[in-house]
Amino acid sequence: MSRLLISAAHKSSGKTTVSLGLCAALAQRGLQVQPYKKGPDYIDPMWLSLAAGRSCHNLDFYCMSHEEIMTSVGHYSTDADIALIEGNKGLYDGLDLDGSNSNAALATLTKTPVILVLDARGMTRGIAPLILGYQAFDPEVKIAGVILNQLGGSRHEAKLRTVIEHYTDIPVIGGVHRNRSMEIVERHLGLVPSNEDASAVNKIREISNLIKDQVDLDQLLAAAAAKPLSFTPQEFDTPADSTAVKIGIARDAAFGFYYPDDLDALTRAGAKLVPFNTLTDTNLPDIDGLFIGGGFPESHMQALAANTALRTAIRTAINNGLPSYAECGGMMYLSRKLSWNDRHSEMVGVIPADTVMHARPQGRGYVRLRETAVAPWPASRPQGEFAAHEFHYSSLENITGPLTYAYEVTRGHGIDGRNDGIVINNLLACYSHMRDTDQHHWARRFVEFVRMHRG
């Protein structure tokens, strides 16, 4: 099995655009490329999925056990020619002193060679001790090559190649010159998601062409030779039976933050996912339950507000007891009003609060939740705390009346620093994004909840 982990010395080194270009360039060769992204992230995986033509899956030490990570890598890349894992932050960066959740730890666990993307701006001879230090810091990590990024020109590239060849035994697999065509527009949560960028396909093609011209893909593929991966096979693709419940899922430019693993888990649990568009559809499809994930409702607030027919239909359905789940952006959409940059737009109005956007994150990073007695979903309640994550610039304000909460927040912010998971009728809405893992199989529980209330 061929695998590579694309990492960097530090964040903002350009590894995401390099990873996109590699995925697309290898796919254009006719290879089946299975992308992965380390850590909690929706936006980079959406771009990687589009580039590779296959769903990108997240690998997260905080939410997943080692066995679950190995199973994900083994299962989803079984029919792939190469698995490409994009790291987060730097190779040795992480939450703890021993680096147990770093990119290096992931490379060691999955026996995956590392390609180091180095931002070479302003560097000449100093690049050699940087590479040697990364190589020596953990001998178990196999650095199979480097890709020089943000090069100032051909002379700059030639100097660096000479230095690296003289002082190290690490091959230079590519030299990517500074080029504005490699840039993807960013905003408050990072890159603009590919589901919002009408030019995403053209942008990926442009990046891919630059990568093909500046990276030796044959040398890259040779470096990807990895040791066999040992994992426990699991039945991932059990089809839903005739008793499947229909769950409407918002899939459009405003809402696109869904983990493919979780959607697979919903299907395995007996759900048929029925997509709808919050921007253009005027009514809900024929469904038994509703799922509105995260996204950027603030970027589409006027269009969401203008679709009064759908907002009314959703409000009526939830008020009438439709089992519903909303995460972050989905919860913002269900509030009364959304305010951002002195603009105000009416939202669905189920949650008795207003959503206000701020200049700084109000909740960011990993969270830990403890389920309360009023949490609505039945069966297999998590034992003690379970892991999730949040990243939101908004807060709920002007809350009227007491709220009932499904979760006590023991780490993170949630709604108010203490609570998350608003429960109204059969709706559960929270800022936290959950992963369906052995810590908490939320997908199975939600499907069972929908089934219990199906008419």
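None of the figures in this text is laboratory data; all of them are computed from the coordinates on show. Source: prediction; values computed, not measured. Positions of Cβ are generated from backbone atoms using ideal geometry, with glycine treated the same way; all protein chains shown enter the neighbour counts.
Suppose R0 equals 45 Å; then what is the FRET efficiency for K246 and A136 from their Cβ-Cβ distance, rounded to the nearest 0.05?
On the way: r = 56 Å, r/R0 = 1.25.
FRET efficiency, K246 to A136: 0.20.
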### Query
Roughly what angle does helix 127-137 make with the longest principal axis of the chain, taking Cα atoms, 0 to 90 degrees, to the nearest 10?
70
#### Entry: Q32 paired with H10, simple spin-label distance in nm, labels 7 Å along Cα-to-beta-carbon
4.0
#### Entry: Computed lengthening from R343 to T308, 0.36 nm per intervening residue step minus Cα-Cα distance
10.8 nm
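What is the extension gain from S65 to T282, computed as 0.36 nm multiplied by their sequence separation minus the C-alpha to C-alpha distance, in nm to one decimal?
On the way: separation 217, 0.36 × 217 = 78.12 nm, distance 4.20 nm.
Extending this stretch completely gives an extra 73.9 nm.
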### Query
Taking Cα atoms, how many degrees apart are the long axis of helix 200-214 and the longest axis of the chain, rounded to 10 and kept between 0 and 90?
10
### Residue-by-residue Karplus 3J(HN,Hα) for segment 270-282, coefficients 6.51, -1.76, 1.60, Hz, glycine and proline x
x, 9, 9, 7, 10, x, 9, 10, 6, 8, 10, 6, 9
### Rounded FRET efficiency, nearest 0.05, which uses the C-beta distance separating H166 from Q219 and R0 of 25 Å
0.85
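Helix-only mean residue ellipticity at 222 nm, the chain, DSSP H runs n ≥ 4 weighted -39,500 (n - 2.57), per residue, nearest 500. What is it? Walk me through the intermediate numbers first.
Details: 13 runs with 134 residues, N = 455.
Computed mean residue ellipticity for the chain: -8500 deg cm²/dmol.
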### Summary
At R0 = 25 Å the Cβ-Cβ FRET efficiency linking L109 and E397, nearest 0.05, sits at 0.05
### Query
Considering the alpha-carbon set of segment 1-139 alone, what are its Rg and its Dmax in angstrom?
14.6, 43
### Query
Once both axes come from the Cα atoms, what is the angle between helix 43-52 and the longest principal axis of the chain, in degrees from 0 to 90, rounded to 10?
60
### Query
What is the set of long-range amide H partners of V176 at a cut-off below 5 Å, with H atoms built 1.01 Å from backbone N?
L148, N149, Q150, L151
### Query
Dividing the Cα radius of gyration by the Kirkwood radius, what Rg/Rh value follows for segment 245-453?
0.93
### Task
Determine the dipole magnitude for the chain: charges of +1 sit on the beta-carbon of Lys and Arg, -1 on that of Asp and Glu, nothing else is charged, the reference point is the Cα centre, and the result goes in debye to the nearest 20.
620
## Note on the structure
Residues other than Q32 with Cβ under 14 Å of its Cβ, Lys/Arg counted +1 and Asp/Glu -1, net out at +1
